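Asks: Handing you this structure, nothing more for now.
The values are calculated or read from the model by the stated rules, or taken from the named source; none is laboratory data. All values reported here derive from a predicted model rather than from experimental measurement. Using ideal geometry, Cβ is built from the backbone for each residue, glycine included, and neighbour counts are taken over all protein chains shown. Ligands, DNA and RNA are excluded from the accessible area calculation, which covers all protein heavy atoms including side chains. Shrake-Rupley method; radii C 1.70, N 1.55, O 1.52, S 1.80 Å.
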Amino acid sequence: MPGHATLDNHAEDCCSMYQKALENTRHISLPPRLDGEYLDTSGLLLVSTQKQFLHYMEHAHLDSLAGYGKTKVVKKYRCLVCVKDPSKMDLLESYVQKKTMITHYYNHQTKQYRKHKPKNNNRSPSNANKWHAVKMRLTDVGDNQDERLQLRAACVSTPDAGANHPDCTLARRLWGIKISENPAKDLNVKYVMQVEVEPLTGRLHQIRCQLAEMGFPIVGDTERGGGICECHGHQHKWQRLALQCCELSFQEPQRFENTKNLIPNPQRRCEFRLREAWWTELMSNYEEGI
């Protein structure tokens, strides 16, 4: 569901539904989000009912992206990624252990991401200036928050496995029953693995693009090799992405003297975290053989 009203839908969005539920509230808005995944990201969503709080969070986001300020905003995202080369799984764990800052380069004109910044050339001397560094950090691999789920990764494509094999069952549950008998095999995906990401910059589709450049497209990211994750229910059909905002924290605002302006309270911090994603139960059932 979109956060704000779209050109063809002015009712089925978060702001409109909040406005309807809170009849006496004049102002409903969504403070800016770091990743720009307005349509596909699930999980935590921050809603503002006062313009002062909206402005406070706008400045907090800008300060966080710039790397300074007293209103540090921390957002973490839980992803289920496709593993096409199992030998690379250890690389992800090493990034977590070493707290490696993962850097790619983004061209705001072509919307492209690259692992290395293109070198300058004589024909286009300003070409190198169009690429901006985008950074993120992996904070966890697997699910250490849920006691039920102790999987490092789940196999979804065992050679010569029958249609009722647990690997094929998990694949169909993730990508959709009507897609294929074994959609993971069609995508050349061997395993799926949960990772937790903290973006350190804010660019369009940064999380999904950086993971795809590393060789780990997110389940449901059709454009980058993650396949079509199709769901059916209540006579509707929709696509979903295995990307969830799982943690959000920021300094609690307080009023500045007798004005309406909000400033950060250095003594108190607001912290929110989700323990499960929509795929957690599917992974748990796989581990239990259900």
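Asks: Taking Pro266 as meeting all but one of (1) free of Cβ contacts under 8 Å to residues at least 24 places away in the same chain; (2) part of a strand (DSSP E or B); (3) open to solvent by 50 Å² or more (accessible area, probe 1.4 Å), write down the number of the exception.
Replies: With (1) free of Cβ contacts under 8 Å to residues at least 24 places away in the same chain; (2) part of a strand (DSSP E or B); (3) open to solvent by 50 Å² or more (accessible area, probe 1.4 Å) applied to Pro266, the lone miss is (1).
Asks: Now for a separate question. Given the residues Arg255, Arg273, which is the only one that is open to solvent by 60 Å² or more (accessible area, probe 1.4 Å), modelled with pLDDT under 90 and not hydrophobic (A, V, I, L, M, F, W, C)?
Replies: Details: Arg273 fails: modelled with pLDDT under 90.
Being open to solvent by 60 Å² or more (accessible area, probe 1.4 Å), modelled with pLDDT under 90 and not hydrophobic (A, V, I, L, M, F, W, C) holds for just one of Arg255, Arg273, which is Arg255.
Asks: Let me ask something else. Criterion first (open to solvent by less than 50 Å² (accessible area, probe 1.4 Å) and part of a loop (DSSP other than H, G, I, E, B)) does Leu54 satisfy it?
Replies: So Leu54 does not fit the description; no.
Asks: Of all the residues that make up region 53-82, how many are in contact with a helix residue (DSSP H, G or I) (Cβ under 9 Å, 6 or more places away or on another chain), of a type in the set (Ser, Thr, Tyr) and modelled with pLDDT of 85 or more?
Replies: 1
Asks: While we're on this one: I'm trying to understand the selection: among the residues of region 262-290, which are in contact with a helix residue (DSSP H, G or I) (Cβ under 7 Å, 6 or more places away or on another chain) and not small (Gly, Ala, Ser)?
Replies: Leu262, Trp279, Leu282, Tyr286
Asks: Condition test on Ala128, is it under 24 Å from Cys245 (Cβ atoms) and either aliphatic (A, V, I, L, M) or at pLDDT below 90 (or both)?
Replies: no
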